[in-house]
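Each remark here refers to the structure printed beneath this line.
The values are calculated or read from the model by the stated rules, or taken from the named source; none is laboratory data. Computed from a predicted structure; not experimentally measured. Virtual Cβ from ideal backbone geometry, glycine too; neighbours counted across all protein chains shown.
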Amino acid sequence: MNNLRVEPRIWAVIPAAGRGERFASDAVAVPKQYAPLLNATLLEWSVRPILAEARIEAVVVVLAPADCRWPSVALKLVPSGLTKGELPLKLMCAVGGSSRQQSVLNGLEYLVGRAAAQDWVMVHDAARPCVTGYELHAMFDALDAGAPGAVLGCPIVDTVKRQQGSTLATVDRQGLWRTLTPQIFRFEELRQSLIDAARRGVTVTDEAQAMERTVTPVMVLGSIFNIKVTRPEDLTLAAEVLKMHDKATMRVGQGMDAHAFGTGDHVMLGGVRVANPRGVVAHSDGDVVIHALCDALLGALGQGDIGQHFPDSDPRHQGADSRVFLREVAARMRLAGLSLVNADVTVLAEAPRIAPHRASMAATLAADLGTDAARINIKATTTERLGFIGRGEGLAAQACVLLA
Ligand code: CTP
Ligand code: MG
């Protein structure tokens, strides 16, 4: 007797062929699914958790016919261990249609000959980049418990009104859900339902609607943070959610700089000109506070140090205003989707006295970093006449930053 039972496999279809008309703006020239989101594109965030899921057989990303951006994104999504040539094993693509419904159906048609009728298909919108592995597992648990289909959703918690002409009625919210994606149904059942809806000229906005004449899926509790990026401001919210999910996006850095005193009548500290009987010997303006801060920020970003980005061998940096360096480092920080939580700076010097300049230094640095002066603490110490600082031969600064 053959005891082998073939478990249904689980495939994924990710419709990503939309035009993002509600998202389009002059500021964003790319289609919604390719909008930059932290250090990747929206599409990468939506595909990655599903592609990473061991129980998923393969992922079909459904693309707009003229999509030319997919190949570079696909390469970034290749799970480590797979080479470019092996890419089609788990990550595939199909061409979408003029509606979401048609795009999903095209993705299913692509699976004909690959998926068995009883296999499962998980459909997930490319526009939902904040889906978590936790939600995927909750859906698998529902299938394992015998559900005929599973839909991620959130119970409605607000009071709901329906306005019709001049009347406004309260809708009983008992049993009302907002449906999210992913949604999972049997491959052939879903395909036939979508073919049937198309034949009847019925528009469905999710898979559960296409299936509702035949299958009642289990509603699986999803996260309120599994938002759909529809308008530009949703992208900002998605970035915050992703940062919240990944505490590893908190980054710490430290930096240090020292300069010898030389001729001159002032020193630059934190972008502020501080009168002093001696200046510093430096290639740039010798601002130890900004240099230490830049190094701390670059350290937190994992991008080396100030010498790499602004070498003293470069004549352009001769006498340079260090605030230019700081602004460039701040731009790198923003590009990485991070901002300053706080910075703590210590100036080590016997002279000049720092206290009278603390507020203007914090304000100047904050302006260059695009943040609030309250996030920047400036303090100072002498070294009790010890060492080169104690002997008054030079001064130094240390900085510590936290980015998130
Ligand atoms: N989608 C698709 N094919 C279409 C239309 C939509 O694959 N012809 C996809 C979108 O790319 C998105 C998902 O379906 O991942 C949900 O659609 P929606 O959020 O409405 O995205 P868009 O249709 O792109 O946006 P809009 O309606 O604002 O134009
Ligand atoms: Mg749409």
For Ile389, the lone unmet condition from (1) in contact with a strand residue (DSSP E or B) (Cβ under 7 Å, 6 or more places away or on another chain); (2) under 17 Å from Val272 (Cα atoms); (3) not in a strand (DSSP E or B) is (2)
Output yes when any residue across the stretch 388-397 is modelled with pLDDT of 95 or more and within 34 Å of the chain's Cα centre (by Cα), and no when none is.
yes
Within the stretch 1-60, restricting to residues that are polar (S, T, N, Q) and more than 14 Å from ligand 1 (Cβ to nearest atom), the one that is modelled with the highest pLDDT is Asn39
If I filter the stretch 211-228 for residues that are part of a loop (DSSP other than H, G, I, E, B) and within 16 Å of ligand 2 (Cβ to nearest atom), do I get at least one hit?
yes
Residue in the stretch 74-91 that is nearest to the chain's Cα centre (by Cα), counting only those that are modelled with pLDDT of 90 or more and surrounded by 19 or more Cβ atoms within 10 Å (Cβ to Cβ):
Ala74
Please work out which residue is surrounded by the most Cβ atoms within 10 Å (Cβ to Cβ), limiting yourself to the stretch 285-328 and to residues that are over 22 Å from Thr346 (Cα atoms) and hydrophobic (A, V, I, L, M, F, W, C).
Phe310
Out of Arg55, Arg48, Arg128, sole residue that is out of contact with any Gly (no Cβ under 6 Å at 6 or more places or on another chain), within 30 Å of Trp177 (Cβ to Cβ) and within 16 Å of ligand 2 (Cβ to nearest atom)
Arg128
Would you tally the residues in the stretch 329-358 being surrounded by 14 or more Cβ atoms within 10 Å (Cβ to Cβ), in a helix (DSSP H, G or I) and under 28 Å from the mean Cα position of the chain (by Cα)?
4
